[in-house]
Amino acid sequence: MLDFYWTFPVIVSLIVVKLCHWIYRWKNPTCKGKLPPGTMGFPIIGETFEFMKPYDFHLVISPFLKKKISRYGSKMFSTSLFGAKVIISIDPEVNMEMAKANSQLGATESLRRLFGENSDFLQRKDIHKYVRNLTSRFVGPENLKNRLIQDIDCLTRNYFEIEKGAMSTSFDVKEAATQMVVDLIVKKVIGGMESEAVKELGLCWTAFRTNWFNFSYNFPGTTVYRFVMARKRAAKLLKGLIQKKKESKQGLGDFLDILFDEMEKDGAVLDIDRAVNLIFTFFILSQETTPGIVAATVKLVADNPDVMEELKREHEAVVQNRVDKEAGITWEEYKSMTFTHMVIKESLRFTSAQPTVHRIPTEDVQIGGYTVPAGWLFFGIPLVHFDEKKYDDPLKFNPWRWKGQDLHGILSKDYMPFGAGSTLCVGSEFAKCIIAIFLHHLSRFRWSLDPKTRVLRRYMLMFPTGCEVEITKEPSD
Ligand code: HEM
């Protein structure tokens, strides 16, 4: 009995000491060099809630960043987000150097679960490079020009069909763009599928529609648990479909053709599980980025009638110059849409206020006068997009600022919407093509955006009241 009275308080004291030590270590992380200034917030939660708090589209700099910049007067600071130790940088030189010097895409634990627990894409350099090449063959300019552009055009047109006898129609831009991207990828990646399978896969994807960035705890009730379950369901379904198609050799999509060719090569690194992982990654990366940018671009255009007018002029001229007025958009037409490309370039500048460079260095990196320790997550935010030394009146959405400049370049020290280095977005041209074609069809109508539409910035762009567009036939149509 006496023993218990002695051992119990000793055990409790030891636990308390251990806990205090752990909290102290959490709040005061050390490294061999010099960490950027910062605070780690509460244990585990860190400063996630503050970082993820939505804020108005036109504020541009999040209140979290603003507070940090003014407190530390530094372009780099340390924090803790999603249970990980993080260094945030708004220094364009540091961001570019980190992107170039470190090849591995850094992802939070929750995202890694989303991509698959042992995703080779994130973990193995050789597979990453190989997958990049395959993906570029599918969404790169060559395939876009020869095949995808017609599919994007056909799918987009469907949304602009006005029923016979009606004068107008309306739809939610982000929802429509999401559905378009899903349809396009399902069609092009997996080929024709039975409608039941499409429906079920669609249900799995909807589980990913929000909150990518999250804590990594995987138990029932958490978002990550929902992700992982939906991912497993979708992977099983995809695997079954691919196997069936491989046996029947019928109705393969462009991308599956490429994948099967690769699988049949001697010493192929690609097997069916990796192929499924790859298709999945593809879906995820294209789905949350592009529709949000399409919708935000429409909002920016709606708020700027001079831009709307100029777009209308450009796209009416494109149609006027077509021999067959009902024909689809050609690659040459797409390339000739100078003002549209200025709008897209400006929209990508204006919408990118979140990290676009994500890295986890495997060794300590000395950069910008500080150390980014190995294993820490590095987030590079292109705040330079709003630097008045680089951009005149940077808070103004002004496509004309790009007049006479390289409209197709997607990367410079001062412009990084698609990241940089060896993980530069492979889907950039594909995404731009989707936005351009959407603007083309929209600009041919009289249209208005629901005035209630609000855009919030978080990690992804949010549209809490939707973004319903109403399009009306011109009286002469
Ligand atoms: C406007 C839309 C898009 C934006 C703003 C965007 C942005 C980005 C950014 C910033 C990165 C780099 C991340 C980093 O280095 O830390 C990236 C990578 C990537 N993106 Fe996109 N993206 C878009 C559309 C797409 C689409 C449509 C696809 C697929 C078809 C895609 C596929 C990828 C892939 C596969 C990577 C990883 C590349 C690698 O690790 O090598 N993206 N994207």
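Observations on the structure shown:
- Cα gyration tensor shape for region 279-323, rounded if a/c is under 1.5, else prolate or oblate: oblate
- Overall form of region 358-437 per C-alpha gyration tensor (a/c, 1.5; a/b vs b/c): oblate
- Order of His440, His58 - criterion: other Cβ atoms within 10 Å of each residue's Cβ, fewest first: His58, His440
- In terms of its alpha-carbon gyration tensor, region 392-449 comes out oblate; a/c meets the 1.5 threshold, while b/c is at least as large as a/b.
- As a length-normalised measure over Cα pairs under 8 Å and 6 or more apart, the relative contact order of region 313-386 settles at 26 percent.
- In terms of other Cβ atoms within 10 Å, Ser412, Ser352 run from fewest to most in the order Ser412, Ser352.
- Note on region 270-367: the C-alpha convex hull projects to 11.1 nm² when averaged across all orientations.
- Principal axis box of region 311-372, alpha-carbon based, largest edge first, Å: 60, 21, 14
- Table column - 3J(HN,Hα) (Hz), region 314-327, Karplus curve with 6.51, -1.76, 1.60, x for Gly and Pro: 5, 7, 5, 5, 4, 5, 4, 7, 7, 5, 9, 5, 8, 5
Taken together, the values in this text are just the output of simple stated rules run on the coordinates, not laboratory data. Just so it is clear, the structure is predicted and the values come from calculations on it, not from any experiment. Neighbour counts are summed over all protein chains in view; Cβ atoms, including those assigned to glycine, are modelled from backbone coordinates with ideal geometry.
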